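This report concerns only the one structure given below.
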Amino acid sequence: MPHSPHVPSPCRHPPEDTTPALYARLVRHGFRRHAAYPGAALAGAFTNTVFGVLRAYTLIALWQARPGLAGYDVADAVTFCFVTQAFIGPMQLFGGGLGIPERIRSGDIALDLVRPAPLQLWAFAEDLGRAAYLLAVRGVPPLLAGAALFGITAPDGPARWAALAAGLLAAFAVSFGWRYLVALSVCWLTDDRGVNVLSLVLTTFFSGMLLPLGLFPGALGEVAAALPWAAIVQAPADLYLGTAPIGPTLAFQAFWTVVLAGLGVLGTRAIRHRVVIQGG
Amino acid sequence: MVRTYALLIWTWTRSAAAYPASFALAAVFTTVTAAVDLGVILVVFANTTALAGFSRDEVLFLYGAASLAFCVTDLLIGNIDRVSGHIRAGTLDVVLIRPAAAWVQLAADRFVPARIGRVLQAAAVLGHSVAVIGPDWRRAWMIPVMLATGIVIFAALWTLAGALQFLLTDAPEVVNSFTYGGQQLTQYPLSVYGRDLVRGVTYVLPLAFVNWQPGLYVLGRPDPCGTPEFTRFLGPAAALLLSLLAALAWRQGIRHYRSTGSQG
């Protein structure tokens, strides 16, 4: 479809189409799309559990050598391990989850950009549905296995549960914000494998998924704790354990949510121009 | 069989070499991804001098040995676990009517020469740790035996994973627990793990013979779990036994495969 810069930008949508009902429908759609493959989700849960058991033993050995490391006791460390394994699915820690890269390559993104809802919110709503499904089906089994095999702890008291719920939502928002930027980068890089690998390494290593960030030595630990990936895993895990103050942790997550969402808005604007230029 | 395999991987290598910059980048990327596990070990030993009785260099020795065996296997036949994808896409039928063994075709399918980067990374870690530890040279003959055993055990494991996918067409990720899980398990001294788990990977799924039992011999250490001295040398026998089992399972998988097309 030939676009020219003189054609009015399609970003003015009729307000009745961007109602909360639309987004609720998109969340439900994202949920149901993943619910169509329960076998795949349960297989993922099984694998995440097996790795959780293996990682737990390593952490137990480390905490036996150095009790109280990073402010955790052994029970905290093992709980941390299974909680982070439970995050792999919903937080999509190995990357991807968004259909945007394929749609940029095929050119279908041009259609997405003229839809009566902004691409970023649309993708966010669908991804939220995906995360909700995977939290239930891929997140709960590792926690149950951890409780049965190692006696991991659960948050006590409604205040901690409320903080955890808020922390999970914020962690998801940061995870989405980061993956959205990675997905948009396809518009500039014909081959996205490099960005994906970079994102995978940064997300697994600096989120706390592999080791609690408190173990990172010196300045590396301080830097890692301030980066956005810490808001995806380390922060909600600390809210689960009750090992971090609730207010500052949520504020930290909110900060990265806003920063990444803002960059996402700029990125969406940039690809809109790029699509117009390529089309015309 | 070997000639067919060599021809297939050479074809994939030539196609990858057509884009040398992309090939070089992919090699760097796979090396970087593999280095994450190494980073975890280094961070662990930034906090402690010993893990379950083993020093940093000893753990790096075990990591290097297991990683080298795993990465060589992954390079050579790592795509054998895409059976479920072939079944769903219908391409397994095409594989079966070609005049070459299905295992060879699937093992060489989409061969990724860039995975050589990870092999080199693992070899560098192993070489470095051997140089630092300086094991008794009368025991060092075990190192090549250990690597060969490890490659055979992992190859059998990948084959079992592929065979299992004839049953688990819709949930292929389950087999990652055994293949990548086996890699994760063997990165650390087995004395880290619970007694039942160690028994399981010694007598049922013989991952203990990839690097742990022969590694103890090279390091000249008794087994903290108390197995007798002669188990250090059982690796090749265990590898052979597992290979036979894997071959049987693979045959069963192929024999019982019924194409969706053939049922009319």
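Values in this text are rule-based calculations from the coordinates and carry no lab data. All values derive from a computational prediction rather than experimental measurement. Glycine also receives a Cβ, built like all others from the backbone with ideal geometry; neighbour counts cover every protein chain displayed.
Here are some notes:
- Computed log₁₀ I(q)/I(0) - Debye formula, equal Cα scatterers, no solvent, the protein assembly as shown, q 0.10 Å⁻¹: -0.92
- Calculated [θ] (222 nm, deg cm²/dmol) that DSSP helices of n ≥ 4 give over chain B, each run adding -39,500 (n - 2.57): -21500 deg cm²/dmol
- Exposure proxy for B:250, B:137: other Cβ atoms within 10 Å of each Cβ, ordered fewest to most, give B:137, B:250.
- Between 0 and 90°, nearest 10: helix B:20-47 axis offset from chain B longest Cα axis: 40 degrees
- Full extension of the chain between residue B:203 and residue B:123 yields a length gain of 26.0 nm, computed as 0.36 nm times the residue separation minus the alpha carbon distance.
- Net charge of Cβ neighbours under 14 Å - reference residue B:108; Lys, Arg +1; Asp, Glu -1: +3
- C-alpha long axis of helix A:20-35 to longest principal axis of chain A, angle in °: 60 degrees
- Stokes-Einstein diffusion for chain A, with the hydrodynamic radius set to the Kirkwood value over Cα pairs and evaluated at 10 °C in a medium of 1.306 mPa s, equals 80 µm²/s.
- The range A:31-75 and the range A:172-219 have Cα centres lying 19 Å from one another.
- Cα-based helix-to-principal-axis angle, A:158-184 vs chain A, degrees rounded to 10: 50 degrees
- A run of chain B free of exposed loop cleavage sites, with trypsin sites (Lys or Arg not before Pro) counted only in DSSP states other than H, G, I, E and B and at most 13 other beta carbons within 10 Å, reaches its longest extent at B:139-257.
- Candidates B:202, B:48, B:149: whichever shows maximal mean-square fluctuation once chain B is modelled as a Gaussian network with Cα springs under 10 Å: B:48
- Just checking the listed ones, A:212, A:118, A:248: in the Gaussian network model of chain A with Cα springs under 10 Å, the one fluctuating most is A:248.
- Zone of residue A:160's modelled label, taken as backbone nitrogen in the range A:207-249 under 12 Å from a point 7 Å along Cα→Cβ: A:238-244
- Put in order of Cβ neighbour count within 10 Å, fewest first, the listed residues B:12, A:229 become B:12, A:229.
- Rg over Rh, two decimals, chain B (C-alpha only, Kirkwood Rh): 0.99
- Euclidean distance between Cα centres, the range A:122-141 to the range B:129-143, Å: 50 Å
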